[in-house]
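Novice: Supplied in structure tokens, the structure appears directly below.
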Amino acid sequence: MLQRVAVVGAGAAGLCAARHILSRSGRFAPPVVFELSENVGGTWCYDERVGKLDNGLPVHSSMYRDLRTNLPKEVMMFPDFPFEPQLSSFLPHQEVQRYLERYCQSHGIRPHIRFNTVVESVKPVNVTTEGEVEERTAWEVTSSDSSGHQKTETFDSVFVCSGHYSDPHIPLIPGIENFKGKVLHSHSYRFAEPFAGQSVVVLGAKASGLDISLELANVGAQVTLSHRRPRITFPLPDGIQQSSSVEAVEDDGRIRFQDGSVTEADVLMFCTGYNFRFPFLDAAQLGLDIQDQMMSPLYRFLVPPAFPSLFFIGICKIICPFPNFNCQVQFALAVLEGSVTLPSRVQMEDEVRRELQEKLERGVQHRHLLILDQDQWEYCNTLARTAGFPLLPTVIRSLYEEVWRQRQIHPKNYRKLNYRLISDLEWELIN
């Protein structure tokens, strides 16, 4: 009998899952893809609205108007589906959205997507199929459409592809209620013009914090970039100064930094990342501990050991997202097909505990345990070798590392460069 798979989310990870399920029609029924919004693309689908939608649901996308990718298309693409070659390497978000629509179209995924559908709950149930002696786990998925009509269906497996860039993480700052200006998270930032001429304290100097600070300085905002990272050494525009992390807001509304200095500001903007949030899951029932920026145990960052037919795609951070999803999905399907046999629950839990403990002993902070970065290549290759699908071409790593170097040297100009892949081993600069 064909296995039935539910896919939660029609962003890049969900589309990738659907594409590979559809290509295995001998083993799997066509997937049912549940999508909250009216479009594919997930976080790449730009929505100028912020806050809540007309239907009361929060706006999902964190995309801002002028975002361009910080990875070149040659590294970013699904390995079996290149971007159009005439495009420059670093793309505006609209081109990535178009690419995902083309991917969806090319693989015939759209007929299998239920748009404007909220997944209310995903829970494991024990079932026995006719002719079977042993009970097995199936999944009851309850969803409701835009008219409020609710239905519950049973699936053999569930792929959670709902992303982790929609629930803003706002750290606790003592006295923040005293701040007299505007407080927002980058999730609700769309463009710089409303901040022209204002003083803005930006908390966090990772990709979005730095990118948004540069946009704000361009419209004449006075930006204080507050972070706890090593001091940025490349030249920043005149309108940006760095400071230590924010410690508190004083009674008079001024912001106090860790070094004791204080400043007044019109705006306090959090570029502090996002929380994991799966309102349709009962974490305790699944043997999972889901915290703001960490969830565990997940064997191979994918599978809860207690329920090896539930898969979380795209949980890791600081990765090449689409190639990573592509590897995770193929590994998960190999597990469901039976060509990969997972260790026992206890063995998987032990392995996860050991790996996380090793990271903590190396000095990795708890909230950074899901960051792969340099470990992503070996991670993807391990999945590929175990499940018997092609390894990521080494040129992907080589170009990724080159772009990372360029970003450190020329944070404002590295996106002007264009690259071309010559082979699985070599790339070239073409401008």
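The values are calculated or read from the model by the stated rules, or taken from the named source; none is laboratory data. Given the structure is predicted, the values throughout are model-derived calculations rather than measurements. Using ideal geometry, Cβ is built from the backbone for each residue, glycine included, and neighbour counts are taken over all protein chains shown. The protein model used for the area step is the full one, side chains on, heavy atoms only, and it has no ligands, DNA or RNA in it. Shrake-Rupley method; radii C 1.70, N 1.55, O 1.52, S 1.80 Å.
Novice: Failed condition for residue 65, given (1) surrounded by fewer than 18 Cβ atoms within 10 Å (Cβ to Cβ); (2) in contact with a Lys or Arg (Cβ under 8 Å, 6 or more places away or on another chain); (3) more than 30 Å from residue 420 (Cβ to Cβ), with all others met?
Specialist: With (1) surrounded by fewer than 18 Cβ atoms within 10 Å (Cβ to Cβ); (2) in contact with a Lys or Arg (Cβ under 8 Å, 6 or more places away or on another chain); (3) more than 30 Å from residue 420 (Cβ to Cβ) applied to residue 65, the lone miss is (3).
Novice: Are any residues in the range 300-312 open to solvent by 10 Å² or more (accessible area, probe 1.4 Å) and over 18 Å from the mean Cα position of the chain (by Cα), and if so, which ones?
Specialist: Correct list: 306, 307, 308, 309.
Novice: Sticking with this structure for a sec: Checking residue 349 against (1) under 21 Å from residue 10 (Cα atoms); (2) part of a helix (DSSP H, G or I), which test does it fail?
Specialist: Condition not satisfied by residue 349: (1).
Novice: Further question: Being over 18 Å from residue 17 (Cβ atoms), assigned by the TED database to the domain that holds residue 319 and open to solvent by less than 50 Å² (accessible area, probe 1.4 Å), is that true of even one residue in the range 101-115?
Specialist: So far as the range 101-115 goes, no, none of its residues is over 18 Å from residue 17 (Cβ atoms), assigned by the TED database to the domain that holds residue 319 and open to solvent by less than 50 Å² (accessible area, probe 1.4 Å).
Novice: Determine whether residue 147 is of a type in the set (Gly, Ala, Ser), open to solvent by 20 Å² or more (accessible area, probe 1.4 Å), in the same structural domain as residue 40 (by the TED database) and in a loop (DSSP other than H, G, I, E, B).
Specialist: The answer is yes for residue 147.
Novice: For the range 103-138, which residues satisfy the criterion of being among the polar types (S, T, N, Q), within 22 Å of the chain's Cα centre (by Cα) and closer than 20 Å to residue 30 by Cβ?
Specialist: 116, 117
Novice: Could we say that residue 254 is open to solvent by 70 Å² or more (accessible area, probe 1.4 Å), over 21 Å from residue 64 (Cβ atoms), more than 30 Å from the chain's Cα centre (by Cα) and free of Cβ contacts under 8 Å to residues at least 12 places away in the same chain here?
Specialist: yes
Novice: Six or more apart or on different chains, Cβ under 7 Å: which pairs go from a residue in the range 399-417 that's over 21 Å from residue 213 (Cβ atoms) to one that's modelled with pLDDT of 95 or more and part of a helix (DSSP H, G or I)? Could you list them?
Specialist: Filtered contacts from the range 399-417: 399/74; 399/75; 400/75.
Novice: Given the residues 232, 212, which is the only one that is at pLDDT 95 or above and of a type in the set (A, V, I, L, M, F, W, C)?
Specialist: None of the other options fit; the residue is 212.
Novice: What are the residues in the range 362-382 that are modelled with pLDDT of 95 or more and more than 24 Å from the chain's Cα centre (by Cα), if any?
Specialist: none
Novice: Considering (1) in contact (Cβ under 8 Å) with a residue 40 or more places away in the chain; (2) open to solvent by 20 Å² or more (accessible area, probe 1.4 Å); (3) in contact with a helix residue (DSSP H, G or I) (Cβ under 7 Å, 6 or more places away or on another chain), say which one residue 267 fails and leave the rest.
Specialist: Only one criterion is unmet by residue 267, namely (2).
Novice: Additional query: Which one is surrounded by the most Cβ atoms within 10 Å (Cβ to Cβ) among residues in the range 373-398 that are in contact with a Cys (Cβ under 7 Å, 6 or more places away or on another chain) and without any contact (Cβ under 8 Å) to a residue 60 or more places away in the chain?
Specialist: Here the answer is 380.
Novice: Sticking with this structure for a sec: Somewhere in the range 20-37, is a residue modelled with pLDDT of 95 or more and under 17 Å from residue 98 (Cα atoms)?
Specialist: No - not one qualifying residue is present in the range 20-37.
Novice: Between residues in the range 118-143 that are over 20 Å from residue 32 (Cα atoms) and in a loop (DSSP other than H, G, I, E, B) and residues that are open to solvent by less than 90 Å² (accessible area, probe 1.4 Å) and not hydroxyl-bearing (Ser, Thr, Tyr), which pairs lie under 7 Å by C-beta distance while being six or more apart or on different chains?
Specialist: 135/127
Novice: So which residues in the range 263-304 are out of contact with any His (no Cβ under 6 Å at 6 or more places or on another chain), more than 30 Å from residue 345 (Cβ to Cβ) and part of a loop (DSSP other than H, G, I, E, B), if there are any at all?
Specialist: 264, 265, 266, 271
Novice: Please work out which one of (1) open to solvent by 30 Å² or more (accessible area, probe 1.4 Å); (2) free of Cβ contacts under 8 Å to residues at least 12 places away in the same chain is the condition residue 359 fails and give its number.
Specialist: Residue 359 satisfies every listed condition except (1).
Novice: OK, next. Among the numbered conditions (1) assigned to a helix (DSSP H, G or I); (2) β-branched (Val, Ile, Thr); (3) under 21 Å from the mean Cα position of the chain (by Cα), tell me where residue 386 comes up short.
Specialist: (3)
Novice: Is it true that some residue in the range 73-81 is surrounded by fewer than 16 Cβ atoms within 10 Å (Cβ to Cβ), on the phi < 0 side of the Ramachandran plot, under 17 Å from the mean Cα position of the chain (by Cα) and not hydrophobic (A, V, I, L, M, F, W, C)?
Specialist: No; the residues of the range 73-81 include none that is surrounded by fewer than 16 Cβ atoms within 10 Å (Cβ to Cβ), on the phi < 0 side of the Ramachandran plot, under 17 Å from the mean Cα position of the chain (by Cα) and not hydrophobic (A, V, I, L, M, F, W, C).
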